[in-house]
Amino acid sequence: MRNVRAASQALRLAGESPRQQYVCRACLAQASRQFHTSPKSLAEEPWWKRMRESVFGSEKSKKAEQSREDKRQKKLEDVAQRPKGELEQRTGARGVDYVVAEVVDTYTHKDYVSSQTWDGLEMIGSEEWVRKRADMGEQYKGFLARKQTQLTNSQWQRLLHHITVEVLTLKKAGHNVMNVCNPRNDGDIPQIANVTIQVKDGKPTLKYENGVDQQSVLSAIDPTPEAPVDEKSLQQELRNATTSSTELPENIQWMAFGLNPTEKLAILKRAMQLTGKRIPDPAISNVRTLTDLYNALKIKEKPKKLAQDPKLDQLKSMGNVQVHATRRTPVHKDKELGRWKLIEDELKIRNLPVFGTNYAGAKLNVVKR
């Protein structure tokens, strides 16, 4: 009977389909994040070879080390074969000749003794050492004026008009427009304010009036590119350019013409030379016309506060509305009611600060405990 029951139970289990174990979606997602497969790739060199090269060095590193040692030995041989007292002379990238200091190797020069004091050694970095060097003896002279000059908006218009006339005259004559920064010759300087700039189709043209012509403007500018510039003469030129009896048009339509990079640089450089005012690089890159340059140089109006808005005038006229330019505090209310003096006197009697520590004698009257 037992064998029959075991056989029937085996047949029943064999006929049933195997049950699948349930796995939730969260576990499947977590298993998929933790299970990664990567393609199998062989290393370029075996592990034992890489370890050997890191400890004992590779053939490539040994060759590089041997090459450096050969160059060092060759340099020492050249120094040893050179006559005594003769140093190596070379020419730099800018064409400046210099002498290479002697290389002393303690292994080859057994009688070499290092110096223990500063006596007899060359001092590097002093003013005398700089003057002796041919490539470092030039005296630097700044381009900008030492003191920045503050101009009004009308003076900026006159100055830009003066400089623009000179630049356009140089361009029309075929000269270098950068000569506008050269000093002016002694003699009668023409009244450039009488020259009118007319803009048509985005291109400027000059109209000379009252005895001013192209040759008179050119003759006033020194053609020497590296002529010395005197600071007093720059101040006089700025005074002549900004003060004139001729009135410019109130509108700035005569500035609405494009500038190429050379003209823009010449006008800006001359304006900086006369006034000493700098313009940020982003503002210079955004300049396309003379109007843009004027907007970058002119005096900017201070931003107005909300209390200065003309739209609030109607509210100010009302009796129950007050508009203040600053933040209101309880102190203002006490002052309006007339009780702030009493509060201030009582605070001082008790050696208490009136406004924090911002009053005379606040730190002297501190109560020690």
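So here's what we get for this one:
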quantity	calculated
Flag if Arg328 is outside any helix (DSSP H, G or I) and assigned by TED's automatic domain parsing to the domain that holds Cys181	no
Total residues in region 280-302, condition in contact with a Leu (Cβ under 8 Å, 6 or more places away or on another chain), closer than 11 Å to Lys264 by Cα and assigned to a helix (DSSP H, G or I)	3
Subset tally (residues that are touching a helix residue (DSSP H, G or I) at 6+ places or on another chain (Cβ under 8 Å) and either within 14 Å of Glu77 (Cβ to Cβ) or not in a loop (DSSP other than H, G, I, E, B) (or both)) for region 98-116	3
Flag if Ala220 is assigned by TED's automatic domain parsing to the domain that holds Ile163, at pLDDT below 80 and closer than 20 Å to Arg270 by Cα	no
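The values are calculated or read from the model by the stated rules, or taken from the named source; none is laboratory data. Remember, predicted model here, so these are calculated numbers, not experimental data. Positions of Cβ are backbone-derived with ideal geometry, glycine not excepted, and every protein chain shown enters the neighbour counts.
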